[in-house]
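What follows is a set of notes on a single structure, which appears directly below.
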Amino acid sequence: MREDRKVKGAADKISNLPDVILQHILCFVPTTKVAISTSLLSRRWRHLCPNDNTANKDDRRQKIEGAEDLISNLPDVILQHILCFVPTTKDAISTSLLSRRWRYVWCEVPSLSLDVGTLTTAASVNEALTRYTAPKTKSFQLTIKYVMKNIPYMDTWIKFAMSHNVENLSLNFLHYYGGYKLLDFFYNSSSVKQLNIKLSGYNHTIVPAECTVSWTSLRNLSLTCCSLPDESMAKILSGCPILENLSLNFLRRRHHYDYKQLPDFFYNTSICCIVVFVASFAITTSLLSRRWKHVWCEIPSLSLDATILTAASVNRTLSHYTAPKTKRFHLKTYRREYTPHINRWIKFAMSHNVENLSLDFWVNSYPYKLPDFFYNSSSFKQLNINGCTLSDESLAKILTGCPILENLTLCHCSELRVLDLRKSLRLRTLQIRRNMSVPGPTQIVAPHIHSLRLLNSQLSCTFVDVASLTEAKLDICYVSILSLAEIRDVPFPIEAQGQNIDS
């Protein structure tokens, strides 16, 4: 189900319906496999699909022959809400064949999704729009496979959406090689809140020189595969006073935009944290203007790549950092000579009560050894360690000193043999990556974890007591799973061999 086709702010009226109605709805999905997939929606849907081997929808319909048609008696607003979740408008229109009751229900669905060339023709789209009677369209998605032969109709379709005060507008032009130009009316709208434009070529310039932009309600803008000169970007920024999210993907001619034209709320520290993750990039924003000079100093996320940065520049960065707390701290370096600095950088992160710590070290023949002070941190919730010397005793100390640890990732940690997580009561997610040169761990005791990922493993591994495990991804050559019952001589054999096992 796509979020952009949901009725915004609407309650989940569907899940509250009686079982018999929901099962009646499932009778109209194409296959049993699709019906079964609804069990993932929520607990409410888990057991609605009949537990049988029914192969097709005709067989399922025979089961309810003679039953009362409870769906058709529902109010129009609920039926239209149901139709918002079908993949395309063509599918919604097909429901008009069910009965007279359904003949015109689709005509006021607040969501339209038109796939021209793949599922429908231009003629069928024109006919559908002439029958559409809803006064307002919340979502309008237009996908055109072959743009050139549909150019005569494209302006009409887009104008139709904008005349219905569309809020979420998505234009996806496939096999586009130029020849079409968005008209001036497209750049003036007070209703559009989310706009997505995706072209398959770079020849089309978004916002030509002669156009002005006035998208006064726009909050989310995504542009993909198009030409965007500096002057176009300037018009967009000045014409979208409440813009919150801007996504630019695979654009041509992205020069040096004047980001001083961004609305005031873009300066908010939390927004800066979302947009910029790498510290070196975040610091460069201080050159934009005086307003940006010290913004980066308090972002709650730091990512330091000491494979590129010098130790002096990292030290200088940390000396200017003023945030009282750091939620995420990522450190990457492969340089052996940085060991004295690494200890100081880790201590800096721990002194700022870091919650998510990621250490990425890998030097062939010289893995990094964690300092003694590392074994006592009460703030770690997520810990990622790559390329460290980590013995069984060392890991036991880490786990003892991290009482609220929830997520642990260990990659190529030498000397680790037995991973005992029995005392980590809050640990729920475990990920391990190893190879022939770094074989450990070879035995895992994890009674409390819910999710396990064991990747790139070429040696045997034994699981002991994974009673709480609900999700696992095992990319292995051999794995033996034992339970505590089996250890106590109670027969309970589970053994699996193979490649790329998903369970």
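The values are calculated or read from the model by the stated rules, or taken from the named source; none is laboratory data. Predicted model only: the values in this text are computed from it and were never measured. In this analysis, Cβ positions are derived from the backbone assuming ideal geometry, glycine residues included, and neighbour counts consider all displayed protein chains. Areas reflect the complete protein model, heavy atoms only, side chains present, ligands, DNA and RNA absent. Shrake-Rupley method; radii C 1.70, N 1.55, O 1.52, S 1.80 Å.
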| task | First check a/c for the stretch 138-246, with a ≥ b ≥ c the square roots of the eigenvalues of its C-alpha gyration tensor; if it is under 1.5, answer rounded, and if not, answer prolate when a/b is larger than b/c or oblate otherwise. | result | oblate
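Need one number: convex hull volume per residue for the stretch 187-241, Cα atoms only, in Å³.
Details: hull volume 3.7 nm³, N = 55.
Given the Cα convex hull of the stretch 187-241, per-residue volume reads 66 Å³.
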| said: Less than 13 Å Cβ to Cβ from PHE348, Lys/Arg counted +1 and Asp/Glu -1: what total charge do the surrounding residues give? | reply: +4
| message | Applying a 10 Å radius around every beta-carbon, put 309-317, 187-195, 39-47 in order of their mean neighbour count, most first. | response | 187-195, 309-317, 39-47
| request: Would you check the accessible area of ASP305, probe 1.4 Å, heavy atoms only, in square angstrom rounded to 10? | output: 40
| task | Please work out how much accessible surface THR143 shows to a 1.4 Å probe, ignoring ligands, DNA and RNA, in Å² rounded to 10. | result | 30
| By average Cβ neighbour count within 10 Å, what is the ranking of 399-407, 342-350 from highest down? | 342-350, 399-407
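Could you work out the relative contact order of the stretch 288-432? I mean the mean sequence separation of Cα pairs under 8 Å and 6+ apart, divided by the number of residues, in percent.
Numbers: 251 pairs, mean separation 24.6, N = 145.
Averaging sequence separation for qualifying contacts and normalising by length gives 17 percent for the stretch 288-432.
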| note | Checked the stretch 353-439 with the C-alpha gyration tensor, a ≥ b ≥ c its square-rooted eigenvalues, rounded below a/c of 1.5, otherwise prolate if a/b is larger than b/c and oblate if not; verdict prolate
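Rounded if a/c is under 1.5, else prolate if a/b is larger than b/c, else oblate: which is the stretch 314-470, with a ≥ b ≥ c the root eigenvalues of its Cα gyration tensor? Present the calculation step by step, with values, prior to reporting the outcome.
Numbers: a/c = 2.23, a/b = 1.39, b/c = 1.61.
Taking the square roots of the gyration eigenvalues as a ≥ b ≥ c, the stretch 314-470 is oblate.
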